[in-house]
Amino acid sequence: MIEYENLRKANEPFLREYRRRFDAVLRSGWFILGEEVAAFEQEFARYCGVQHCVGLGNGLEALHLGLRALRLPAGSEVIVPSNTYIATILAVLQAGLVPVAVEPDIRTYNIDPRRMEERLTKRTSAVMIVHLYGKMCDMEPIVGICRDKGLRLIEDCAQAHGAAYKGRRAGSFGDIGAFSFYPTKNLGCLGDGGAVVTGNEELAARIRTLRNYGSRVKYHNELPGYNSRLDEVQAAFLRVKLRHLDRINSRKRDLAAEYRARLAPGYIQPIEEKDFFDVYHIFNVRHRERDRLRAFLLERGVKTEVHYPISPNRQPAMMGILDEACPVSEEIHATTVSLPISFFHSPGDIAIICELLNEFRENERS
């Protein structure tokens, strides 16, 4: 069986370092907002090419607290991609704002800057883009639109650790960049975790206050805050993993190249473009018989996933919130399938998967 993901196998190369760092944290007796979190924040900020990083409880809270820190007008509109994971939209709602869904570019699956500009109104206060599957959005026009219209820009980088556009890494373009460290991410911890990165010292300070009950000084509460703190153990694991992130991304890029070299025509593959450094958190292909294809592969010992099976505007939770038709998003969600591309997979695994995918295409043609 070729598994889609196996977190034990994916983390096995780092176990010795994990144990050493865990023992050090345990001996320290300090488990919340200590030296490990502070060190990780410095290291990850430097990696992303920004001045500040604030460790938080998870990726959703990174988006939510980032929006809160921006102090956008209550009830104002925030542009979001129509095909994102629902966490992006939940963060907007939790911040007391109104999500406005914009269709993606069908080639890249990322928000289409032209459609984005068309959806702006006098009520728009911010744009929240998502670097989906490990590919960055087309940042030059997006940054230009936000600058010209006076809009705040939030990057949802939950799938884009180390991805780059014209040499600049994800999270370094917007007012804030929000990351998830969910265990399956290229930079994943061994539990929940998240962070906001920013070049703005005032925003960083506000998020630090919000994450800790609205307090900078113990028992002195300046803001109605939250409890959302990256803990010391997860920060220690992330410091280990961060040192290997470029190697993880390189392996996934190599596996993506194997897919490209071996897959027969008939599958819509991720596009590669000049100026974009893609890190392939997910390697998705599209096919009109997606469900039949998945069953074919599973019968032959290959597990796959779907990111994501239901368009946000079709989710029961979004009824009355996202009511407009999103045909591009719905087309993507109905045809996409995610193929195995974990750090533990080998080129031999990809060769077997491609052989089966090509067999499926041959069967279709016969």
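Nothing in this text is a laboratory measurement; each read-out follows from the coordinates by a stated rule. Quick caveat, the model's predicted, so the values are computed rather than measured. Virtual Cβ from ideal backbone geometry, glycine too; neighbours counted across all protein chains shown.
Miscellaneous remarks
- Order of I271, I350 under a 10 Å beta carbon neighbour criterion, fewest first: I271, I350
- Each residue of region 210-218 was assigned a 3J(HN,Hα) from its phi angle through the Karplus expression (A = 6.51, B = -1.76, C = 1.60, θ = phi - 60°), giving 4, 5, 10, 6, x, 10, 9, 10, 3 Hz with x at Gly and Pro.
- Estimated vicinal HN-Hα couplings, Hz - region 25-30 in sequence order (Karplus 6.51, -1.76, 1.60; Gly, Pro = x): 5, 4, 5, 5, x, 10
- Shape of region 44-155, Cα gyration tensor, a/c cut at 1.5: rounded
- Residue order, fewest to most surrounding Cβ atoms within 10 angstrom, among D275, D349: D275, D349
- Here is the tail figure for region 227-277: Cα pairs spaced more than 12 Å apart come to 76 percent of all pairs.
- With the convex hull drawn around the C-alpha atoms of the chain, the volume per residue stands at 135 Å³.
- Residue order, fewest to most beta carbons within 10 Å, for F343, F31, F179: F31, F343, F179
- Amide H partners (placed H, <5 Å) of L56, local residues excluded: G194, A195, V196, L230
- Sequentially through region 287-292, phi angles give Karplus couplings (6.51, -1.76, 1.60; θ = phi - 60°) of 7, 5, 10, 3, 5, 5 Hz, Gly and Pro residues having no value and appearing as x.
- Value of D in µm² per second that Stokes-Einstein yields for region 239-366, Kirkwood Rh from Cα pairs, at 25 °C (0.890 mPa s): 151 µm²/s
- For the chain, built as a Gaussian network whose Cα springs stay under 10 Å, the top-fluctuating residue of F296, F173, F40: F296
- Per residue of the chain, the DSSP helices (runs of n ≥ 4 H) give a summed -39500 (n - 2.57) that works out to -12500 deg cm²/dmol at 222 nm.
- Of K241/K303; K9/K166; K9/K135; K135/K166; K166/K303; K149/K185, pairs whose Cα-Cα distance is over 23 Å: K241/K303; K9/K166; K9/K135; K166/K303; K149/K185
- Under 5 Å, built H, 5+ apart or other chain: amide partners of V302: I2
- Debye, to nearest 20: dipole size of the chain, +1 on Lys, Arg Cβ, -1 on Asp, Glu Cβ: 720 debye
- Cα-based Kirkwood hydrodynamic radius, region 92-240, one decimal, Å: 16.7 Å
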